[in-house]
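S.K.: Dropping a structure here in structure tokens format, bear with me for questions.
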There are 2 protein chains.
Amino acid sequence: MRIGELSRRTGASVRLLRYYEEKGLIGSTRSAGGQRHFTEDAVPRVEFVRRLLAAGATSRAIAEMMPCFDTPLEENFDSAMERLARERLRITSDIEDLLRARKALDALMDTAREHRARLPRNQAGRPLDLPVHRT
Amino acid sequence: MRIGELSRRTGASVRLLRYYEEKGLIGSTRSAGGQRHFTEDAVPRVEFVRRLLAAGATSRAIAEMMPCFDTPLEENFDSAMERLARERLRITSDIEDLLRARKALDALMDTAREHRARLPRNQAGRPLDLPVHRT
DNA sequence: CTAAAACCTCACATCAATGTGAGAGGCAAG
DNA sequence: CTTGCCTCTCACATTGATGTGAGGTTTTAG
């Protein structure tokens, strides 16, 4: 398929798909006229890439794990595997950062609610029922 | 305290502290000569800010929640509270992205290991004991 | 064969948190 | 008062994923 269709099927802009190719995240063959051709595999691959990017992986990191994706041969395999593991650690640590930040937010919300509860009634005189959501 | 000490005590560079101030994330008074003076409160505050930034919050978002931090008065309080809640949602959704990405990595690692297991022995002839870490 | 639709490359723009350096002034101790 | 350290403002650089537009070629439908 050509780049437009891949774009439609993955939701990634054409510009982005070219960028991914340039960075070695996806492969393509070229037609005589120089246009990119992609195989079906490109679709799940782009999805994988986008998922990782959304998770804060750098395109370089993703490129380094790709040998693991398409070449289960000796070369690069071990280092790709290691890159994969490193990224996994990074993600786990990012999750912990997020959990800590969320806890900090919760703490702030709690004390803020308490402060307000101690304050004189607000002008509208409506009850102090601030929403409390926990996910 | 002056900016250098705050920097030492929080680990944030002097340049960054000025940036935080410019963006309304921390407050300061100025000496006659124009130098910034901070109170003790600035220390935990900077830590809070950094935690949120590390969690991907935008400085604008943090600025918008600050009224909640120091002015438990009517003005801005509700909107700050709402900003807080929005940010909490964003964080939770980011965590989910990370979890999905981690799952994708795990899946890739698994299939890669299987591929390799089906392959002829590698040149070094060593056993195929690839590390399997789960956090 | 022609026109429209899709594609190509090149290159500059953006956003946000930071770094860095220049040039100048503030402040405390000898 | 002077030296040395700290601070000030201004302003430009960087990184990475993306957007955008110009100008030109390929492909495809009619």
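Bear in mind that the values in this text are calculations on the coordinates, not laboratory data. Just so it is clear, the structure is predicted and the values come from calculations on it, not from any experiment. Using ideal geometry, Cβ is built from the backbone for each residue, glycine included, and neighbour counts are taken over all protein chains shown.
S.K.: Please give the net charge around A:Thr58, taking every other residue with its beta carbon less than 12 angstrom from that of A:Thr58, where Lys and Arg add +1 and Asp and Glu add -1.
M.R.: Net charge in that neighbourhood comes out at +3.
S.K.: Further, regarding this structure: For segment A:45-94, what class follows from the C-alpha gyration tensor (a ≥ b ≥ c being the square roots of its eigenvalues): rounded when a/c is under 1.5, otherwise prolate if a/b is larger than b/c, else oblate?
M.R.: oblate
S.K.: Another question, if that's okay. Using a Cα-Cα cut-off of under 19 Å, which lysines could be cross-linked to B:Lys23, ignoring same-chain neighbours fewer than 8 residues away?
M.R.: Answer for B:Lys23, where 19 Å is the Cα cut-off: none of the lysines qualify.
S.K.: Quick one: grab the alpha carbon gyration tensor of segment A:1-81, order the square roots of its eigenvalues as a ≥ b ≥ c, and give me rounded if a/c is under 1.5, else prolate or oblate depending on whether a/b is larger than b/c.
M.R.: The shape class here is oblate.
S.K.: Placing +1 on the Cβ of each Lys and Arg and -1 on the Cβ of each Asp and Glu in segment B:41-104, which of B:Ser79, B:Ile95, B:Val46 has its Cα farthest towards the positive end of the resulting dipole?
M.R.: B:Ile95
S.K.: How far is the Cα center of segment A:45-69 from the Cα center of segment B:1-48, in Å?
M.R.: 38 Å
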